Amino acid sequence: DAGITQSPRHKVTETGTPVTLRCHQTENHRYMYWYRQDPGHGLRLIHYSYGVKDTDKGEVSDGYSVSRSKTEDFLLTLESATSSQTSVYFCAISESMGKETQYFGPGTRLLVL
Amino acid sequence: DQQVKQNSPSLSVQEGRISILNCDYTNSMFDYFLWYKKYPAEGPTFLISISSIKDKNEDGRFTVFLNKSAKHLSLHIVPSQPGDSAVYFCAASEGTRSRGGYQKVTFGTGTKLQVIP
């Protein structure tokens, strides 16, 4: 199994509060991704990173920001959480350019009340 | 607009029989296809993939078939085992690259497979 951890694994928060989710990898992979999984939508890409301090938006990036200050860590921040951001969040990594296979973390279940 | 569609939300199969999971896509730029398997409370794990230059790829009990003209792919599991019970996601990758060389991957909504002992 690829060494990917996510923290926290579960979180309950209130609308309007900031939330940061952390993804940590021990594989030294270049690419890191944040997805959200919702019923009827499958997995949708929020943001991705192709190197330290190099990030770009995915298809559902509104309301989210990311940072990658070290190869092994990729942070996802909800600046002001809304109920529509209640979801399961998955971090993923992949080895290199053109390697489409991604390895996923265990997920973070977020509930915004 | 759902470019990768898994029209069957669920499927039940008897142990030992064949499971066939289907996936349709609309984007003709997709050139690489993957299947991921997901157990409850875990992240998806890669199962099998196929390039658009092939029409079949086999790995043990798992075979993926690609019909480019119909924009359809299917995953066959033979024989099905209770441990195969999971949600299966179809995914497709475009040949065009975004910033950093990333090739966008689009996931379907998943099919929940139940293998009955």
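Over all directions, average the projected area of the Cα convex hull of the protein assembly as shown and note it in nm².
The directionally averaged projection comes out at 12.2 nm².
Restricted to Cα atoms, the range B:4-116 shows a radius of gyration and a Dmax of 13.9, 46 angstrom. Counting Cβ atoms of other protein chains within 10 Å of each residue's Cβ and taking the mean over peptide A:101-112 gives 3. Volume per residue for the range A:14-70 equals 109 cubic angstrom (convex hull of Cα atoms).
Other protein chain C-beta atoms within 10 Å of residue C-beta, averaged over B:25-35: 1. Cα centroid separation, the range B:86-115 to the range A:49-69: 19 Å. Here the calculated FRET efficiency for B:His72 and B:Phe46, from their Cβ-Cβ distance with R0 = 25 Å, stands at 0.75, rounded to the nearest 0.05. Cross-link partners for A:Lys53 among the lysines, with Cα-Cα distance under 28 Å and sequence neighbours closer than 8 places in the same chain left out: A:Lys11, A:Lys70, A:Lys99, B:Lys104. Taking every residue in B:96-105 and counting other chain Cβ atoms within 10 Å of its Cβ, the average works out to 6. The magnitude of the dipole of the range B:4-116, with charges of +1 and -1 set on the Cβ of Lys/Arg and Asp/Glu and taken from the Cα centre, is near 260 debye. Percentage of Cα-Cα pair distances in the range A:4-112 greater than 22 Å, rounded to whole percent? Counting pairs separated by more than 22 Å, the tail of P(r) holds 23 percent. For A:Thr101 and B:Ser12, a Förster radius of 35 Å and the Cβ-Cβ distance give a FRET efficiency of 0.75, rounded to the nearest 0.05. Need one number: the % of Cα-Cα pairs in the range B:1-65 sitting beyond the 14 Å mark. Cα-Cα pairs of the range B:1-65 separated by over 14 Å account for 69 percent. Considering only A:Ser65, A:Ser80, A:Ser49, the mean-square fluctuation computed in a Gaussian network model of chain A, springs between alpha carbons under 10 angstrom, is largest for A:Ser80. Using the Cβ of A:Glu59 as centre and a radius below 9 Å, the other residues enclosed give a net charge of +3, where K and R count +1 and D and E count -1.
No value in this document is a laboratory result; all are computed from the given coordinates. Since this is a predicted model, take the numbers as computed values, not measurements. As a convention, Cβ positions derive from the backbone with ideal geometry for all residues, glycine included, and neighbour counts pool all protein chains shown.
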